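> The structure is given below, and queries will be raised subsequently.
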């Protein structure tokens with residue numbers, strides 16, 4: 001069951017003042033090193049790419065590795081001069097892409 | 001791996017068994033600062049991913065009756081206090097019913113739907129959602145009257161030495177609580193935060209799964225999920241935790 005992430009982003013920020021973005025994504029982050037009951041390798045399935053942009057301009061990006069635990073939690077800070085739409089996007093090894101959008105107003 | 005570590009570490013600990021009652025402490029108090037910080041923040045507690053699934057299920061019409069939990073129960077906030085008094089002795093059924101069982105009884109008897117599978121995201125999610133409504137309330141189960149015999153059976157099991165290590169729950173969780181065992185601190189073994197997100201599991205699990213780990217740890221036979229004794233034990237654990245607050249959904253190492 002695909003479930004939306006827990007996302008915390010302020011809807012209003014002050015121009016140029018850093019704010020925190022936090023996201024918790026449900027994902028098994030299967031390492032590719034584990035074996036199943038009959039000895040077969042369980043295929044790797046991790047979120048490998050995470051990107052965050054505002055109106056097309058990148059504010060944060062991360063490449064995740066198999067060592068990251070299941071249900072990864074990412075926190076980073078960003079700063080805006082103008083109001084815009086923040087797009088958080090991630091892709092896993094099965095090619096599943098997901099995205100969240102939040103409108104942020106600079107006041 | 002940690003099971004054999006348990007054996008070696010225990011030999012040392014049992015030699016220095018302390019006596020006397022301790023103040024009640026939740027497993028939260030024995031967890032490290034990082035684990036506590038995760039539990040304190042609903043946006044950092046992964047269990048809330050399951051709570052979200054529970055919220056969707058609460059509203060979904062299911063089964064032959066085509067009714068959702070909300071159709072009969074209204075807003076889920078109305079479930080406040082329910083988890084704090086579960087498990088409870090159900091007079092009509094003549095046995096103790098845990099919160100998970102209660103949910104599945106509504107599925108089968110009132111929704112005409114299949115019971116949710118043990119440890120499924122759906123069952124953990126809906127139980128966590130109902131449990132969350134009682135967060136902060138003291139655990140207060142009924143132990144008198146018809147429940148008394150069940151509590152006594154649960155307590156007897158708690159004090160029974162079992163498994164190849166020949167240990168009782170009480171020896172670890174009363175006698176050795178606060179000591180460290182193979183790198184982890186032995187908690188008093190209260191069940192006031194279930195279902196939990198456990199870092200070692202990298203996922204969510206029920207109290208049954210936790211108890212299974214303890215029983216396998218002493219190399220005893222785990223209790224079956226539908227064994228009435230499991231519900232009795234869960235009721236005794238709740239009685240033993242009386243006064244601690246419900247933390248559902250908790251985070252544990």
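The values are calculated or read from the model by the stated rules, or taken from the named source; none is laboratory data. Here the structure is a predicted model, which is why all the values come from computation and not from measurement. Counting neighbours? That spans all protein chains shown, and the Cβs are built from the backbone with ideal geometry, glycine included.
> Has the stretch B:157-167 got at least one residue that is in contact (Cβ under 8 Å) with a residue 60 or more places away in the chain and within 24 Å of residue B:97 (Cα to Cα)?
Yes, the conditions are met somewhere in the stretch B:157-167.
> Confirm whether residue A:79 is surrounded by 10 or more Cβ atoms within 10 Å (Cβ to Cβ) and in contact with a strand residue (DSSP E or B) (Cβ under 6 Å, 6 or more places away or on another chain).
no
Conditions (1) in a helix (DSSP H, G or I); (2) modelled with pLDDT of 95 or more; (3) surrounded by fewer than 21 Cβ atoms within 10 Å (Cβ to Cβ); (4) within 14 Å of chain A (Cβ to nearest Cβ), marked per residue:
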position: B:89; (1), (2), (3), (4): no, yes, no, no
position: B:105; (1), (2), (3), (4): yes, yes, yes, no
position: B:109; (1), (2), (3), (4): yes, yes, yes, no
position: B:126; (1), (2), (3), (4): yes, yes, no, yes
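> Restricting to the stretch A:73-87, give me the number of residues that are farther than 25 Å from residue B:197 by Cα and touching a residue at least 24 places away in the same chain (Cβ under 8 Å).
So the count comes out to 10.
> If you don't mind, there's one more thing I want to ask. List the helices (runs of 4 or more DSSP H) inside the stretch B:21-84, counting only whole elements, that have at least 2 residues being under 20 Å from the mean Cα position of the chain (by Cα) and within 23 Å of residue A:24 (Cβ to Cβ).
The helices (runs of 4 or more DSSP H) meeting that bar are B:27-30, B:33-40, B:47-59.
> What about residue A:69, is it within 14 Å of another protein chain (Cβ to nearest Cβ) and part of a loop (DSSP other than H, G, I, E, B)?
Criteria met by residue A:69.
> Might you let me know whether the stretch B:49-67 holds any residue that is without any contact (Cβ under 8 Å) to a residue 12 or more places away in the chain, within 25 Å of residue B:202 (Cα to Cα), surrounded by 15 or more Cβ atoms within 10 Å (Cβ to Cβ) and touching a strand residue (DSSP E or B) at 6+ places or on another chain (Cβ under 7 Å)?
yes
> Let me ask you something else. Condition first: at pLDDT 95 or above, more than 14 Å from chain B (Cβ to nearest Cβ) and in a strand (DSSP E or B). Can you find one or more residues in the stretch A:4-17 that meet it?
Looking for residues that are at pLDDT 95 or above, more than 14 Å from chain B (Cβ to nearest Cβ) and in a strand (DSSP E or B), one finds at least one in the stretch A:4-17, hence yes.
> Given A:100, A:20, which one is modelled with pLDDT of 95 or more, more than 10 Å from the chain's Cα centre (by Cα), within 14 Å of chain B (Cβ to nearest Cβ) and within 22 Å of residue B:45 (Cα to Cα)? Steps first, answer last, please.
Numbers: A:100 fails: more than 10 Å from the chain's Cα centre (by Cα).
After ruling out the rest, the residue left standing is A:20.
Let's see how each residue does on (1) in contact with a strand residue (DSSP E or B) (Cβ under 6 Å, 6 or more places away or on another chain); (2) without any contact (Cβ under 8 Å) to a residue 12 or more places away in the chain; (3) loosely packed, with under 15 Cβ neighbours inside 10 Å; (4) assigned to a loop (DSSP other than H, G, I, E, B):
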position	(1), (2), (3), (4)
B:204	yes, no, no, no
B:209	no, no, no, no
B:212	no, yes, no, no
B:231	yes, no, no, no
B:234	no, no, no, no
B:238	no, no, no, no
B:251	yes, no, no, no
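> Still on this structure, I have one more. Suppose we filter B:130, B:96 for residues that are surrounded by 21 or more Cβ atoms within 10 Å (Cβ to Cβ) and in contact with a strand residue (DSSP E or B) (Cβ under 6 Å, 6 or more places away or on another chain); which single one remains?
Just a single option satisfies the conditions, and that option is B:96.
> Residues in the stretch B:10-57 that are more than 14 Å from every other protein chain (Cβ to nearest Cβ), at pLDDT 95 or above and touching a helix residue (DSSP H, G or I) at 6+ places or on another chain (Cβ under 7 Å): how many?
2
> Another one. Which of the residues belonging to the stretch A:51-66 are surrounded by 14 or more Cβ atoms within 10 Å (Cβ to Cβ) and away from chain B (no Cβ under 14 Å)? Don't jump to the end; show me each part of the working.
Restricting attention to the stretch A:51-66, the residues satisfying the condition of being surrounded by 14 or more Cβ atoms within 10 Å (Cβ to Cβ) are A:51-54, A:59-60, A:62, A:64, A:66.
Those that are surrounded by 14 or more Cβ atoms within 10 Å (Cβ to Cβ) and away from chain B (no Cβ under 14 Å): A:51, A:52, A:53, A:54, A:59, A:60, A:62, A:64.
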